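Right, one structure below, let's go through it.
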Amino acid sequence: MKTVIIGANGAGKSTMFYHFNGILKPKEGTVYYDGKPLEYTRDALSDLRNKVSIVVQNPDEQIFSSTVEEDVAFGPLNMSIERDEVERRIVTSLEKVGMLEYRERPTVKLSYGQRKRVALAGALACEPEVLILDEPTAGLDPQMSQEVMELVNELCLAGTTVIISTHDVDLAYTWAEEIHVLRKGKLIYSGSPEPFFANTEEVALSGLVKPHTFSINSTFESLRGRDEAPYPRTNSQLLAKLSTPDAKIGVIRMIPFDKEISEIPQVCGNIGIYGSRTRRAVRESKTRVDYYFNAIEGCCLDAMSGLDSVLVYDIELESLVRDTISVLGKFGKVPEMI
Amino acid sequence: MDGLIETKDLVYFYDGTKTPSLDSINIKITPGKKTVILGANGAGKSTLFYHFNAIAKPHSGVVLFEGEPLKYRKKALLGLRSKVAVVLQNPDDQVFESTVEDDIAYGPTNLDLPQDEVKRRVEDALFQTGLTEFRKKNTLQLSYGQRKRLALAGDLSMKPEVLIMDEPTAGLDPQMALDLMELAEQLHFNGVNIVLSTHDVDLAYAWADEIHVLRKGKLIYSGPSEGFYSDPVQVHMTGVMPPSMFTVNKNLAHMKEIPEAPYPRTETQLISKMVEVKKGSLHIIPLSEDIVSKVTDSTDISVGVFGTASRGLLVENRMKVDYLFNGFESCISDCMNGRESILVCDTDCVDLIKNKIVELKRFGTDIEYDVRS
């Protein structure tokens, strides 16, 4: 389950996270992991933290080593992992966050966004079962936020359980399968996002607002005299729902990227890329690309407007890409993927 | 026409750096326009702001305020900073005094204003930012959002002509962010020129009449938002994404085979443009002392709020309010669904609300309204 903990500042999101990996011990009550109550002995805690990693909101609270690679190696070395394996993990996790070329840099010389990515790489290097991200996109530029969320989706696909805390309702709504809402230290809702956001009063009392896509869909459908459900979470899903049966839907030309990038057909239509390997290859080859970020959505939007497009993606993400596009079927027509 | 603030060939280097943080900037802030400086982290937004009120001095080039080049002598600076105020992104860089009211009084006291006037300005600023009940509080006990409003109050007490806000909503909850943007709109309407910086494209798009885009210390675009977002290559190179509203409108217009213009900036504008709406009506009630008796307590009629003073008073009187935040949009949305709605607003916002209703006509919705004063 893609899980989001949502609530206003001071609602208790971070405090709760600190209980999930035993940084804090409850005054009363019990925290369970995998059905077993947490133990607070040193060994048990270190074992737990290998499985449950937290990336805190402010990277400066998490980065202590003087160089990037030392910082990323810190977790795995503490787990008494062999040097070769540590090296492999440094490379893969830095590669995932797009910071490999910075591995020997002093951490103090990095920008805020870079430090945030190093903190994430440090958590990834522990290869946790559960990854907890506290406000992962706060303070990041729009493109960098997209990149982080794409990475998060890759991790989910690879089997990591990801929990995100945020007060960004649009982000939460687009991404979450399940939300838990905190208000002044109380858990007031757990479940799929729609019933919560449909409750105007509860949303307001929680210090939140309705996501844009949610409220646009409500008003549109009430005016058209149609059902609000199914609830679109993205603009392309909204468009699919509003599109007429005879509307022309564009085709998405699917190109899985394995090793070579040369074979992008220079056809008409926008070209989108998805996945960290593809992004790197495209940057190096300087191929023309229209959607560097949020490309699946870009191509889907084109299709809904009747335009053809090309989507190049990391081959191992094939099922994720196809599934994301196919969700449009719940709302209207699915673009043909060729 | 002269710009309110202008720079000519402005160049600035931070100590020990070889690439300029600001590289030959020629920017012109138009008076009376809601202005946004857009750019990724590190593009030079804050550095540019520091030049607008002479915290930083250019290495070459000039900064002009109302057509006059800035002077950097102590006395001239004091005069300038009473007219051009900057609200920094992090309130802790700006809030120094121990109590809320002392902190707000700091600026006007330094201007050598009479005590009475200082007192009056502190009252006004407390009221405008909704901090009146916290006036005696220690500034260290305030939450982040409250400190952010305090920093703003301190600037408002200077009665500036230009208010510059650096990432005003960063770190704020959605409601607090809406509250702050509504206050900015109110101030702007009442004659304060507001310039804000952000990398939040959705916020920028909803708010701005004119945007200036910075990329790696260079000014690459000045003009209406649409001109910039219509150029995907520029948008991409700037490190941002097109605003969601811009994208939805473009694709819906394409799908429905209608023109992209007029460009909706809000949800109600988008809906007006795309579907047939029903006819409800809006009752605008300007805030007054007997406001409680004027608002009909009926479950059929929704009640929304616009303006900080109204929000404070309605909460204080424990009145039933459906839309404490984003009141205008929510009430209009009810009207478009054929319902009746009441919008309680600050007295200086009535014309602002009327303007917003007129603006909706461009998108095809003619909201019936009355003002009950």
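Return one whole number: the accessible area per residue of the stretch B:1-60 in Å², for a 1.4 Å probe.
Dividing the accessible area of the stretch B:1-60 by its residue count gives 44 Å².
In debye, nearest 20: dipole of the protein assembly as shown around its Cα centre with unit charges on the Cβ of K, R (+) and D, E (-)?
On the way: 80 positive and 102 negative charges, 176 e Å.
In debye, rounded to 20, the protein assembly as shown gives about 840.
Length gain on complete extension for the stretch B:M237 to B:E257, per 0.36 nm per residue less the alpha carbon to alpha carbon distance? Walk me through the numbers before you get to the answer.
Numbers: separation 20, 0.36 × 20 = 7.20 nm, distance 2.97 nm.
Separation in residues times 0.36 nm, less the Cα-Cα distance, equals 4.2 nm.
So if I take the centroid of the Cα atoms in the stretch B:179-195 and the same for the stretch B:294-347, what is the distance between those two points in Å?
Result: 20 Å between the Cα centres.
Can you give me the Cα centroid spacing of the stretch A:144-193 and the stretch A:299-326 in angstrom?
Cα centroid to Cα centroid, the span is 22 Å.
Once the dipole of the stretch B:251-373 is set up with Lys and Arg at +1 and Asp and Glu at -1 on Cβ about the Cα centre, which of B:L324, B:N337, B:V305 lies farthest towards its positive end?
B:N337
Interface A/B, total buried accessible area with a 1.4 Å probe, nearest 100 Å²? Each step should come with its number before you reach the end.
Values: alone 16860 and 17870 Å², together 31690 Å².
About 3000 Å² of accessible surface is lost on pairing.
Please name whichever of B:G16, B:L80, B:L48 sits farthest to the positive end of the charge dipole of the stretch B:1-81, dipole taken about the Cα centre and charges placed at Cβ: Lys and Arg +1, Asp and Glu -1.
In the stretch B:1-81, that residue is B:L80.
So, in nm, how far is label B:D209 from label B:Y144 when the simple model puts each one 7 Å beyond its Cα toward the Cβ?
Each label point is offset 7 Å from its Cα along the Cβ direction, giving 3.3 nm.
From a point 7 Å beyond the Cα of B:S373 in the direction of its Cβ, which residues of the stretch B:271-306 have a backbone N at a distance under 18 Å?
B:283-292, B:294-295, B:306
Say the cut-off is 31 Å between C-alpha atoms; which of A:K186/B:K119; B:K57/B:K148; A:K25/A:K210; A:K286/B:K250 go over it? Intermediate values should be presented prior to the final figure.
Numbers: A:K186/B:K119 41 Å; B:K57/B:K148 26 Å; A:K25/A:K210 34 Å; A:K286/B:K250 28 Å.
Pairs exceeding the cut-off: A:K186/B:K119; A:K25/A:K210.
Name the residues of the stretch B:10-46 whose accessible area falls by at least 50 Å² when all protein chains are present instead of the chain alone, probe 1.4 Å?
Going by heavy-atom accessible area, the residues of the stretch B:10-46 that drop by at least 50 Å² are B:N41.
Under 17 Å from a point placed 7 Å out from the Cα of B:I220 along the Cα-to-Cβ direction: which residues of the stretch B:7-33 have their backbone N that close?
B:20-27
Assign unit charges at the C-beta atoms only (+1 for Lys and Arg, -1 for Asp and Glu), then state the dipole size of the stretch A:119-226 relative to its Cα centre in Debye, rounded to the nearest 20. Don't jump to the answer; show the numbers that get you there.
On the way: 6 positive and 16 negative charges, 116 e Å.
So the magnitude is around 560 debye.
Keeping the other protein chains in place, figure out the carbon and sulfur percent of the accessible area of chain B, with a 1.4 Å probe. Mind dumping the intermediate values first?
Working: 8190 of 16320 Å².
For chain B, the apolar C and S fraction of the accessible surface comes to 50 percent.
For the stretch A:145-244, what D do you get in µm² per second when you plug the Kirkwood radius from alpha-carbon pairs into Stokes-Einstein at 25 °C and 0.890 mPa s?
On the way: Rh = 14.8 Å.
In µm²/s, the coefficient rounds to 165.
Could you do me a favour and compute the accessible area per residue for the stretch A:60-188, 1.4 Å probe, result in Å²?
With all protein chains present, the stretch A:60-188 gives 43 Å² per residue.
Kindly provide the trypsin sites (Lys or Arg not before Pro) of the stretch B:124-169 that DSSP labels as loop, not H, G, I, E or B, and whose Cβ sees at most 13 other Cβ atoms within 10 Å. Mind showing how you got there, number by number?
Numbers: sites: B:R135, B:K136, B:K137, B:R147, B:K148, B:R149; in loops: B:R135, B:K136, B:K137.
Those satisfying the criteria are B:K136.
How much area per residue is accessible in the stretch B:179-318 when the probe is 1.4 Å and only protein heavy atoms are counted (Å²)? Spell out each step's value before the answer.
On the way: 5590 Å² over 140 residues.
Here the residues of the stretch B:179-318 average 40 Å² of exposed surface.
Per residue of A:141-149, count partner chain C-beta atoms within 10 Å of its C-beta, then hand back the mean as an integer.
Numbers: counts 12, 12, 8, 4, 2, 1, 0, 0, 0.
Neighbouring Cβ atoms belonging to other protein chains average 4 per residue here.
Listed here are the pairs A:K2/A:K259; B:K34/B:K354; A:K96/B:K45; A:K248/B:K361; which of them are more than 26 Å apart at the Cα? Intermediate values should be presented prior to the final figure.
On the way: A:K2/A:K259 30 Å; B:K34/B:K354 18 Å; A:K96/B:K45 30 Å; A:K248/B:K361 31 Å.
In this structure, A:K2/A:K259; A:K96/B:K45; A:K248/B:K361 exceed 26 Å between Cα atoms.
For the pair A:E87/A:S326, report the inter-label distance in nm, with labels modelled 7 Å from Cα in the Cβ direction.
So the label points at A:E87 and A:S326 sit 4.1 nm apart.
Evaluate the charge dipole of chain A about its Cα centre and quote only its size in Debye, nearest 20, assuming +1 on the Cβ of each Lys and Arg and -1 on the Cβ of each Asp and Glu. Walk me through the numbers on the way to the answer.
Numbers: 38 positive and 49 negative charges, 120 e Å.
So the dipole magnitude of chain A works out to roughly 580 debye.
Taking every pair of distinct Cα atoms and averaging 1/r, then inverting, what Kirkwood hydrodynamic radius in Å comes out for chain A? If you can, show how the numbers build up before the last one.
On the way: mean 1/r = 0.0463 Å⁻¹.
Mean inverse Cα-Cα distance, inverted, gives 21.6 Å.
Pull up the cross-link candidates among the aspartates and glutamates for B:K320, meaning alpha carbon to alpha carbon under 20 Å and not fewer than 8 places away within one chain.
Within reach: A:E201, A:E202, B:D179, B:E289, B:D290, B:D297, B:D300, B:E329, B:D334, B:E340, B:D346.
Putting +1 on Lys and Arg Cβ atoms and -1 on Asp and Glu Cβ atoms, find which of A:A73, A:Y102, B:L360 reaches farthest to the positive end of the dipole of the protein assembly as shown.
A:Y102
When the helix-only estimate is applied to chain A (DSSP H runs of n ≥ 4, each -39,500 (n - 2.57), divided by the residue count), what is the mean residue ellipticity at 222 nm, nearest 500 deg cm²/dmol?
Numbers: 14 runs with 142 residues, N = 338.
Computed ellipticity for chain A at 222 nm equals -12500 deg cm²/dmol.
If each of A:E28 and B:D92 carries a label point 7 Å out from its Cα toward its Cβ, how far apart are those two points in nm?
Rounded to a tenth, the inter-label distance reads 3.4 nm.
Relative to the isolated chain, which residues of the stretch A:200-243 have their accessible area cut by 50 Å² or more in the presence of all protein chains (1.4 Å probe, heavy atoms, no ligands or nucleic acids)?
Relative to the lone chain, where solvent access is computed with a 1.4 Å probe, the stretch A:200-243 loses at least 50 Å² at A:V209, A:I216, A:T219, A:F220, A:L223, A:N235, A:L239.
At 1.002 mPa s and 20 °C, plugging the Kirkwood radius over alpha-carbon pairs of the stretch A:5-78 into Stokes-Einstein gives what diffusion coefficient in µm²/s?
Working: Rh = 14.0 Å.
Estimated via Stokes-Einstein, D reaches 153 µm²/s.
The values are calculated or read from the model by the stated rules, or taken from the named source; none is laboratory data. All values derive from a computational prediction rather than experimental measurement. For neighbour counting, all protein chains shown are included, and Cβ atoms are generated from backbone atoms with ideal geometry for every residue, glycine included. Accessible surface is based on the protein model in full, side chains and every heavy atom, while ligands, DNA and RNA are left aside. Shrake-Rupley method; radii C 1.70, N 1.55, O 1.52, S 1.80 Å.
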